[in-house]
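*Asks:* If you scroll down you'll find the structure; I have some questions about it.
Since every read-out is calculated from the coordinates, none of them should be taken as a lab result. Worth saying up front: this structure is predicted, and the values here are computed from it rather than measured. Virtual Cβ from ideal backbone geometry, glycine too; neighbours counted across all protein chains shown.
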There are 2 protein chains.
Amino acid sequence: MEIKDFKTIEPVRFDNEVAKGIAGRVLIGKADGAPNFCMRLFEIAPGGHTPRHTHDWEHEMFYHSGQGEVYGNGQWNPVGPGSAVFVKPGEEHQVRNTGTEPLMLLCLVPSGAPEL
Amino acid sequence: MEIKDFKTIEPVRFDNEVAKGIAGRVLIGKADGAPNFCMRLFEIAPGGHTPRHTHDWEHEMFYHSGQGEVYGNGQWNPVGPGSAVFVKPGEEHQVRNTGTEPLMLLCLVPSGAPEL
């Protein structure tokens, strides 16, 4: 068993026009021997956003803290603590922080997808 | 894309000597078309606990709120908001709420394992 506080993991930062104000952490992945799927935590700064994109694998997201919106089904949708979002393979999606605190969300992907 | 607030999902309750004070919800699973893994949220009441058991599949857990302990590696270990726990296939494990608020944790399993 491995037990980690996310804050002990050094984040990888993305900060450009496509991915703005993002800190990403792999909480559980290949390096831990995870056989089937990978747990990542993303911290999006106020005003920040992920890329708008599509890919062949799914996302299973859970929103831990902060306030934001997820783009999907052709519109922006509000999300906050306790929201679960399933992005099916091939669906266009994007996440942005619309609040004043960091937006923290888990985003899990199957093994074989890029971990970060 | 599917977006749900966990509170809109009716929980399945477990309350006996083996699994005490547990409310389980499948947030994203087979019924949603999830192809590779299943996201469940467990709410453990103060004084409650999950079974101590082992099985052939892994868990990837993330602790959302409340205070508790997870049994693993032969001892009880403290967990709280922001803790990530990887339970490898075959590892004995158990979770208990040691606080005064509900202990809320995500616990993901690969497709093929029981969803609840």
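*Asks:* Near the amide H of B:THR98, under 5 Å away, which other amide H atoms are found, from residues 5 or more places off or on another chain, if H is placed in the peptide plane?
*Replies:* B:GLN67, B:GLY68, B:GLU69
*Asks:* Right, something else. Among the DSSP beta bridges whose two residues both lie in the stretch A:42-116, what percent are antiparallel, rounded to the nearest 5? The partial results should precede the final answer.
*Replies:* Details: 23 of 24 bridges.
The antiparallel proportion sits near 95 percent.
*Asks:* Next up: Please report, largest first and rounded to whole Å, the three semi-axes of the ellipsoid equivalent to the protein assembly as shown, where each semi-axis is the square root of five times an eigenvalue of the C-alpha gyration tensor. If you can, show how the numbers build up before the last one.
*Replies:* Values: eigenvalues 155, 64, 63 Å².
After scaling each eigenvalue by five and taking roots: 28, 18, 18 Å.
*Asks:* Amide H to amide H, which residues 5 or more places from A:HIS93 or on other chains are under 5 Å from it, using H placed in the peptide plane?
*Replies:* Amide H neighbours of A:HIS93: A:HIS53.
*Asks:* Another question about this same structure. Axis carrying A onto B: which residue of A has the nearest Cβ, and how far, whole Å?
*Replies:* A:PHE37, 2
*Asks:* Taking the Cα-to-Cβ direction at B:ARG52 and at A:ASN16 and moving 7 Å from each Cα, how far apart do the two end points lie in nm?
*Replies:* 5.2
*Asks:* Can I ask one more? Provide Rg over Rh for the stretch A:17-110; use the alpha carbon set for both Rg and the Kirkwood Rh (inverse mean inverse pair distance).
*Replies:* Working: Rg = 12.7 Å, Rh = 13.3 Å.
Dividing the radius of gyration by the Kirkwood radius yields 0.95.
*Asks:* Sort shortest first the distances from A:THR54 to its counterpart in every other copy, using label points 7 Å along the Cα-to-beta-carbon line, and give them in nm.
*Replies:* In nanometres, ordered from closest: 4.6.
*Asks:* Go through B:ILE3, B:GLN75, B:ASN97 and say which Cα lies farthest out towards the positive end of the charge dipole of chain B; charges sit on Cβ, +1 for Lys and Arg, -1 for Asp and Glu.
*Replies:* It is B:ASN97, whose Cα lies furthest towards the positive end.
*Asks:* Then there's this: Measuring from label point to label point, each 7 Å out along Cα→Cβ, what is the B:GLN75 to B:ASP5 span in nm?
*Replies:* 4.1
*Asks:* As an exercise, use a Förster radius of 22 Å and the Cβ-Cβ distance of A:LYS30 and B:ALA31 to find the FRET efficiency, rounded to the nearest 0.05.
*Replies:* Details: r = 29 Å, r/R0 = 1.30.
After rounding, the FRET efficiency stands at 0.15.
*Asks:* So what's the gap between the Cα centers of the stretch B:1-40 and the stretch A:24-55, to the nearest angstrom?
*Replies:* Between the Cα centres of the stretch B:1-40 and the stretch A:24-55 lies a distance of 22 Å.
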